[in-house]
Structures are given as C-alpha cells and as structure tokens.
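Following: one structure in structure tokens, then a few remarks.
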Amino acid sequence: MSRVLLTGLSGTGKSTLIEQFAALGYKAVDLDSDEWSEWVEVHFDGEPTAGDSPVERNRDWVWREERVQALLSLQETGILFAAGCASNMAEFRLQFDHIVLLTAPATVTVERLLTRDNNQYGKRPEELARVLAQREVIEPRLRTLAHHEIDTSASLDEVVRKILDIVRK
C-alpha cells in the first residue's frame, strides 16, 4: 500500500481533500479526529508563543500513536491517504511514501477558517492569530518533513489531480 500524508496548517484544505479522496473510493483517514488524536497535558519552561504548539496553554492535540501505527502497518493494496498535523507526526515520517505539505495564502486561509462549518477551530480571534503565527514558525518545520508542496488556493479538482500525479509517479 502506498501511504500518503497530507499535512499543513489549519485552513489549508486537509479535511476537504480527505473527504474528496474518500468519495473517489480511496482509503482516506482524517488523523485530526477524536478517533485518531487526543488531548495530552504538556508543560513548557517558559510561556509558549502564538506560533508554537501547544493548541492550548497546557494541552496539545496529538496523534494516538498506537492507532496511527496500526493503520500504517496494514498490509493492503492501493493507496492510503491520511491527513493531519500534530506535534508527534514526525515519528511516523519514514512510514509514508509521500508527505505533501498543503499551503495557501494567508487571505485564503483566513477566509476558509472563518467560513468553514465542519470545524469551529480558527473562528475565535486568538485561534486565528495562532494559525497566522504558525505560518512563520510551524510551516517551515513542516516544509523540512515534506517531499512535495502544493498551494491549495487552486480548485479542488486541480489539487486532487496534482496529488494523484505525485502518487502515481
């Protein structure tokens, strides 16, 4: 099975793409859901900045490692699309055949966060500020893990095509 991780900051289209790949008949998993992620307590020596993790001052949203490992260990044919972004995702990077960083201009990200109805995160001013700050801090870190980068401000069909082109090469 070819394993593809679609990652990126909030508002870059991970959930929309995973829904689209599922609709196209692919095995598609949203790792940023309760089934695959959980809240954990974290501690910092200093005060975390808006661009750093955790999501909340003393709590972070991380992948459930045992479940993600079981998913990535499946011996099936075809393509597995997994979408998500978590502070512990680097532990799994070698198990993905392709890691695709999804990006979008700040104006597009803000519009998506404020208008989406499948997830409330990013609508509050402090959450929106955190996402925008992460563009400077977290996105470069994601870029070092990624094999490919796609700007998702293009049409959904175009982004799907680009991802499928990557996977099929």
Where in the range 63-169 are there helices (runs of 4 or more DSSP H), lying fully within it, with 1 or more residues that are at pLDDT 95 or above and more than 16 Å from the chain's Cα centre (by Cα)? 65-72, 106-115, 156-168
Count of the range 102-122 residues which are closer than 16 Å to ASP151 by Cα, of a type in the set (Ser, Thr, Tyr) and surrounded by fewer than 14 Cβ atoms within 10 Å (Cβ to Cβ): 1
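Taking the stated definitions as given, is THR49 of a type in the set (Val, Ile, Thr), out of contact with any Ser or Thr (no Cβ under 6 Å at 6 or more places or on another chain) and modelled with pLDDT of 90 or more?
When the stated conditions are applied, THR49 does not pass them.
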For the range 10-45, which residues satisfy the criterion of being surrounded by 14 or more Cβ atoms within 10 Å (Cβ to Cβ), over 27 Å from VAL137 (Cβ atoms) and small (Gly, Ala, Ser)? ALA22, ALA28
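The values are calculated or read from the model by the stated rules, or taken from the named source; none is laboratory data. The model shown is predicted, which means the values in this text are computed figures rather than measured ones. All Cβ positions, even for glycine, are placed from backbone atoms using ideal geometry, and neighbour counts span all protein chains on display.
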